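The values are calculated or read from the model by the stated rules, or taken from the named source; none is laboratory data. This one's a predicted model, so the numbers in the text were calculated from it and none came from an experiment. Cβ: placed from backbone, ideal geometry, glycine included. Neighbour counts: every protein chain shown.
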Amino acid sequence: MLKMDNTTFVTPNWEVKSNNMTGSHPCKPEELGTFIPIFLSVVFSMGFILNTISLWIFWFRIKRWSGGMILHFNLALADAIITPAAPFMIIYFSLSHWPFGQFLCQLKVFLLSTNMYGSIYFLTLISIHRYISVVHCTKKTIFKEEKFVKIVCVGVWVLLFAQGFPFFFVLKTSEMNNATQCLNMHQDELIVLYFVWNTVILCTGYIIPLFVSIICYSLLANFIVNLSPHQLKSKHMKVKSMQMILVSLAIFMICFLPVHVSRTFGISLKFFYPDHCQKMGIIELVYYKCLALSSLNCCLDPLLYFFASKKFKESLRNVISSIKC
């Protein structure tokens, strides 16, 4: 049986009750400094501008939406959903204290989860749709139908809601070292919940989508490499598809891989070896930097719209031209 310092496991609530909730803990949260808040401020500001422009172009400048366009619009929505939580995250990382109460903590985590895994799921669907549209362009498949793509998108949003809604019931804030913590690895009373949730979401929310995307883009790359180089249409398709492949895989590897790896290491270390404070401190700092890095996806995703859609590219150029005039 796993034993943790000053804690006893309570099965019905998936919690570990600490005897010193407001006192000192075996390991104290690390001071994050100023880099992460500044980095998040810049990234969220850029992401807000880029996604606002993208959503405006989708909604007002493009009249006819294809299946791929529908998926891109939903990806932009998933990126934009983090906007209300961004100021709270910046303040929290600046103060190392959560002054906004338990409900806003739960709402922040819900929006953060919806943003990250919404982006991952829609990026995966885009890879599947792109593979089918290019490799099986002459075949009639249900995934090319706009109605079916809309139904799939609704299903993803239902999944995201079901995935994040339990946070409103199980996530608590904790008083540690005279500061309130919101979703912190040092919250001993929630470590069992964190460990179980991370294990499940790591597989379903990242590993499976990553492998699906890699398989689809590998098959797509193999197909376009073997296309005739003398056809102008083939040349355009190669450039367009390779740009999408590179951007999508870069987002998966740069934005989402580090945060999942560092979070898994941190939670596992806290779960099995709660007294290894020095190692925990190093991994904690790495995790928060990786979490900040993951926010870059809201700035990189608009590149997909630009590379994948001729209509989006033309609309963006028209908007820029009108601004210059």
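From the list LEU112, LEU107, exactly one residue is surrounded by 21 or more Cβ atoms within 10 Å (Cβ to Cβ), part of a helix (DSSP H, G or I) and either touching a residue at least 24 places away in the same chain (Cβ under 8 Å) or not hydroxyl-bearing (Ser, Thr, Tyr) (or both). Which is it?
Values: LEU107 fails: surrounded by 21 or more Cβ atoms within 10 Å (Cβ to Cβ).
Just one listed residue meets the conditions, LEU112.
Select from segment 17-42 the residues that are loosely packed, with under 13 Cβ neighbours inside 10 Å and not in a loop (DSSP other than H, G, I, E, B) and write down the one among them that is modelled with the highest pLDDT.
VAL42
Residues TYR92, TYR131, TYR194, TYR117: which one is under 19 Å from TYR305 (Cβ atoms), part of a helix (DSSP H, G or I) and among the aromatic types (Phe, Trp, Tyr)? Quick ask: steps written out before the conclusion?
On the way: TYR92 fails: under 19 Å from TYR305 (Cβ atoms); TYR194 fails: under 19 Å from TYR305 (Cβ atoms); TYR117 fails: under 19 Å from TYR305 (Cβ atoms).
That would be TYR131, the only listed residue that is under 19 Å from TYR305 (Cβ atoms), part of a helix (DSSP H, G or I) and among the aromatic types (Phe, Trp, Tyr).
Search segment 54-70 for residues being among the hydrophobic types (A, V, I, L, M, F, W, C) and outside any helix (DSSP H, G or I), and hand back the single one that is farthest from ARG130 (Cα to Cα). Full working, then the answer.
Here is the first cut: in segment 54-70, the residues among the hydrophobic types (A, V, I, L, M, F, W, C) are 55-60, 62, 65, 69-70.
Filter again for outside any helix (DSSP H, G or I), leaving 62, 65.
Details: ILE62: 20, TRP65: 15 Å.
Ranking the candidates gives ILE62 first.
Among the residues of segment 211-266, what is the count of those that are within 30 Å of ILE283 (Cα to Cα), among the hydroxyl-bearing types (Ser, Thr, Tyr) and either in contact with a Cys (Cβ under 7 Å, 6 or more places away or on another chain) or modelled with pLDDT under 85 (or both)? Don't jump to the end; show me each part of the working.
Here is the first cut: in segment 211-266, the ones within 30 Å of ILE283 (Cα to Cα) are 211-214, 246-266.
Remaining after also requiring among the hydroxyl-bearing types (Ser, Thr, Tyr): 213, 248, 262, 264.
When the remaining residues are screened for being either in contact with a Cys (Cβ under 7 Å, 6 or more places away or on another chain) or modelled with pLDDT under 85 (or both), the result is 262.
Total meeting the criteria: 1.
Go through (1) closer than 30 Å to ILE282 by Cβ; (2) assigned to a helix (DSSP H, G or I) for GLU175 and report which single condition fails.
All conditions pass for GLU175, except number (2).
Pick from LYS289, LYS240, LYS279, LYS270: which is in contact with a His (Cβ under 8 Å, 6 or more places away or on another chain), more than 15 Å from SER119 (Cα to Cα) and of a type in the set (D, E, K, R)? Please lay out each step first, then the result.
Working: LYS289 fails: in contact with a His (Cβ under 8 Å, 6 or more places away or on another chain); LYS240 fails: in contact with a His (Cβ under 8 Å, 6 or more places away or on another chain); LYS279 fails: in contact with a His (Cβ under 8 Å, 6 or more places away or on another chain).
Within the list LYS289, LYS240, LYS279, LYS270, the selection yields LYS270.
With the structure loaded, tell me whether PHE148 is surrounded by fewer than 21 Cβ atoms within 10 Å (Cβ to Cβ) and out of contact with any Lys or Arg (no Cβ under 8 Å at 6 or more places or on another chain) or whether it fails that test.
Judged against the criteria, PHE148 is a match.
With the condition being under 24 Å from LEU193 (Cβ atoms) and free of Cβ contacts under 8 Å to residues at least 24 places away in the same chain, I'd like the helices (runs of 4 or more DSSP H) fully within segment 227-318 carrying at least 2 qualifying residues.
Working: elements: 232-250, 257-272, 277-294, 297-308.
Result: 257-272, 277-294.
State which residue pairs qualify: first residue aliphatic (A, V, I, L, M) and inside segment 41-66, second residue assigned to a loop (DSSP other than H, G, I, E, B) in any location, beta carbons under 7 Å apart, and separation of 6 or more residues or different chains.
Qualifying pairs under 7 Å: VAL43/SER295; VAL43/LEU296.
Does segment 173-227 hold any residues that are of a type in the set (Ser, Thr, Tyr) and closer than 24 Å to PHE252 by Cα, and which are they? Outline the logic, then answer.
If we filter segment 173-227 for residues that are of a type in the set (Ser, Thr, Tyr), which is where we start, we get 173-174, 180, 194, 199, 204, 206, 213, 217-218.
Those that are of a type in the set (Ser, Thr, Tyr) and closer than 24 Å to PHE252 by Cα: TYR194, THR199, THR204, TYR206, SER213, TYR217, SER218.
If we keep just the residues of segment 65-101 that are modelled with pLDDT under 90 and out of contact with any helix residue (DSSP H, G or I) (no Cβ under 8 Å at 6 or more places or on another chain), which is surrounded by the fewest Cβ atoms within 10 Å (Cβ to Cβ)?
Only one residue tops the list, namely LEU95.
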